[in-house]
Amino acid sequence: MAEPTREDLQALIDEIRTTLRDDPAFNRLLDPDHPFESNPKQIAIAIKQVVSHINSTPPFLSIEFSWDTFPRYLLVLGVCALLQRSVADVDDRNYLPAQDGMVNMSNRAKGSMVRQASMQKWQEFLSSLIEYKTALNMQLAMGGRGLASQAGSRLLDEYIEGYVNNYDGNYGPGFM
């Protein structure tokens, strides 16, 4: 496998932004000179934090993951959760309730909703991470190389297809 390039990292950052819908077209209330909610440095830090979390979560494996070797969906999910939590922190910190007559004019009143969404993403990330690492650990313990899920699924499909095609109608001894 080739070493990841700066373009590969930029593609990951772009994918994270797209997943979060962090696009100037949707960020009409942000400063035009800073049209993104998360800058590349914040995204890169979140990527490092998620990779660190992945590698420090049991079961511990003989494999050390990096941003380019871990399943992309899970990595993006974890990064999006951390970035949303950061946005919620900023919203809460800068919340200024204001009212003019009967009109609520709060400038950043969505912190709790964004935090709840980030917590849901983080829980999905954690449960998927543990399932993935447990399955990989079992494959490694049984002498396997830890097949990627698509490759493993393909091999399982081939095994099942071969079994079905070669089935002779006999279930074997002890089967009712």
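Could you check, for segment 47-54, whether at least one of its residues is among the hydroxyl-bearing types (Ser, Thr, Tyr) and surrounded by 13 or more Cβ atoms within 10 Å (Cβ to Cβ)?
No, segment 47-54 contains no residue that is among the hydroxyl-bearing types (Ser, Thr, Tyr) and surrounded by 13 or more Cβ atoms within 10 Å (Cβ to Cβ).
On the given criteria, is residue 164 over 30 Å from residue 3 (Cα atoms), part of a helix (DSSP H, G or I) and modelled with pLDDT under 65?
Yes; evaluated as a whole, the condition is true for this residue.
Residue 143 versus (1) outside any loop (DSSP other than H, G, I, E, B); (2) at pLDDT 60 or above; (3) surrounded by fewer than 11 Cβ atoms within 10 Å (Cβ to Cβ): which is the lone unmet condition?
(1)
Condition check: on the phi > 0 side of the Ramachandran plot, at pLDDT below 75 and either assigned to a helix (DSSP H, G or I) or not polar (S, T, N, Q) (or both). Does residue 152 satisfy that?
no
Restricting to segment 104-115, give me the number of residues that are basic (Lys, Arg) and part of a loop (DSSP other than H, G, I, E, B).
Residues meeting the conditions: 2.
Given (1) at pLDDT below 75; (2) in contact with a Lys or Arg (Cβ under 8 Å, 6 or more places away or on another chain); (3) surrounded by 11 or more Cβ atoms within 10 Å (Cβ to Cβ), identify the lone condition not met by residue 96.
(3)
The values are calculated or read from the model by the stated rules, or taken from the named source; none is laboratory data. Given the structure is predicted, the values throughout are model-derived calculations rather than measurements. All Cβ positions, glycine included, derive from the backbone under ideal geometry; neighbour counts span all protein chains shown.
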